[in-house]
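The values are calculated or read from the model by the stated rules, or taken from the named source; none is laboratory data. A quick note: this is a predicted structure, and the numbers were derived from the prediction, not measured. Virtual Cβ from ideal backbone geometry, glycine too; neighbours counted across all protein chains shown. Heavy atoms of the whole protein, side chains included, go into the accessibility calculation; ligands, DNA and RNA do not. Shrake-Rupley method; radii C 1.70, N 1.55, O 1.52, S 1.80 Å.
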Amino acid sequence: MSRCLRIFGAYSFRLTRRHSTILMIASFLVALTMVLQLYAHRHHDQSQANLRMNAVYKPGGFLKNKRPENISYCYFNYGLPERLRFEKLQIYPSPESGNQSSYKVIYDAIIGTAYLNRTKSQEVTYVTHATPEFLYHLVEITRYWEGPISIAVYVPGFDLDLTMQIMHQLCHCYPGMMKVSMHLFYPKRFPPQIRTLEEKKLSQITKKPLEPLSSEAIARLINKKLGNYRKLDNSTRGQYIQWVRKTKIERMMKGFQQEMVVPNLDFKDCSGLDNYNFSTYRKVKFMMYPVNVGRNVARNASKTNYFLVSDIELIPSYGLAPKFLKMIRKLMGDEKRDAGCVFAKTVFVVPLFEVEKDVIIPHDKALLVQMVQKNLARYFHQKLCSHCQRFPGLQTWLARPARNVLEPMLISKREYPYHRWEPLYFGTNKEPWYSEMLTWEGRQDKMTQMLEMCLQEYRMVVLDGGFLCHAADSKRKRIFKRSMWLNRQNYIKIVQNFKIKYKDIEECKVMFGCTK
């Protein structure tokens, strides 16, 4: 053993002397690599810390400590926000269903005044929808969108009252609200309600809470009731039971009515509420949200020939609206653009992304790509619905250098393997309506519209240089099994109509999700 070790040592010594220069260079390279890796790791941690916020994102947070002003930046219509004068307005059915619709629409409850003198080809509209608890996201959109905004709000019952409370606050806080035009929609069975000034004052009067009974008082009350019950005979016991049932029903109804009391929202300053999980009429009545009615209403009310149909929690990147108008004018030419022409069967897809909860919201591509590389951002719904927003050329989009222009990157179609793609896009009123049979709770509510566009052989132009970003990482959404079942049944009905109306295109996967 010792002889083997001596031979190995001697051989190693000769080898080291012969290749000493090579070994020295290799050692230097290894040491340099380790130093660079340590530096990169430290720099990565520092850059991640710079991208993280001190507090959780809150819509309207930039207005903290600002007080409402004496003037309103919104032009309210029909007697709002104090009351709704039904005799002064015209009520319409929803756009897709027409006279067969279960919903009613009030257009221009608030009229945006910022772009009244502009032509339909000079601006592009941000089209969105909401329920009252999401309305404060409007202030973030107005902050970054340089153009008119059309929003449809679902206001069954006292949800109109809640909507007006929020809008009254926003319209006295931020000048950007001049861009907003608001439209209301509601079910025929539950028309909107708003309290009078007297009713609002009465609701603000707090009653002194009752002191809880002591254990001795509770025992005496129970013994008294037991004594009264024992005194009953066969002739009076039946009447007593009926009285107990009636009293119990009255108490139940009284408790239910207490739940229907309209919340008085407490705004400490212009930054909004501490908690947006307040009770709404829709929640109390367990009503589903007809999301596509809202999309159609806001889109139908747009006064520009191009608009972006989006969701209210998606915030645009810097200059998305003017960059799009400049791109369209360059592609089409001044003469056609001024005449209000649009591209036939062509929509312009805007990539969607989302960030972690404690991360800043990016508004330029360079920062967004940096956050994606550090796993602080990802394409929208990557974890919840990986096929919904993964667009063709995603890696190419991320690899392309950031430029201060919006430009077409590639032209695609909504065909296999992207037959479940639900993009948001710049489009026109020539595109098919969103199906009003589908609800938000049932999921994949944009699927049938995209299928119809595939059957009409639409081109999807994926844009580079702009994007929309979700304000925070998506929460785990509650599963509504009943609503999902209803959406599937309605999807089958819609597809059957498509099979009659259009020729079959195999790549569109017409029967996807259906039972043949």
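Per-structure values
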| item | result |
| --- | --- |
| Portion, in percent, of the accessible area of region 266-332 that falls on carbon or sulfur, probe 1.4 Å | 54 |
| Ordering of 298-305, 285-292 by packing [mean C-beta count within 10 Å, highest first] | 298-305, 285-292 |
| Solvent exposure of region 312-456 as accessible area per residue, Å², 1.4 Å probe | 42 |
| For peptides 235-242, 186-193, 436-443, 503-510, sequence by mean Cβ density within 10 Å, most packed first | 436-443, 186-193, 503-510, 235-242 |
| Furthest towards positive pole of dipole, Pro290, Asn300, Phe267, structure part region 267-328, Cβ charges | Asn300 |
| Cα→Cβ-extended label distance, 7 Å offset, between Asn223 and Leu202, nm | 4.2 |
| Cα-based Kirkwood hydrodynamic radius, region 331-383, one decimal, Å | 13.8 |
| Ranking by accessible area, most exposed first, for Ser102, Ser97, Ser435 with a 1.4 Å probe | Ser102, Ser97, Ser435 |
| Relative packing of peptides 263-272, 311-320 - highest average C-beta neighbours within 10 Å first | 311-320, 263-272 |
| Accessible-area composition of region 377-511, carbon plus sulfur, in percent [1.4 Å probe] | 50 |
| Sequence-distant lysines (8 or more away, or on other chains) whose Cα lies within less than 27 Å of Lys248 | Lys207, Lys208, Lys224, Lys225, Lys231, Lys283, Lys285 |
| Region 95-184 - charge dipole about Cα centre, Lys and Arg +1 at Cβ, Asp and Glu -1, debye rounded to 20 | 260 |
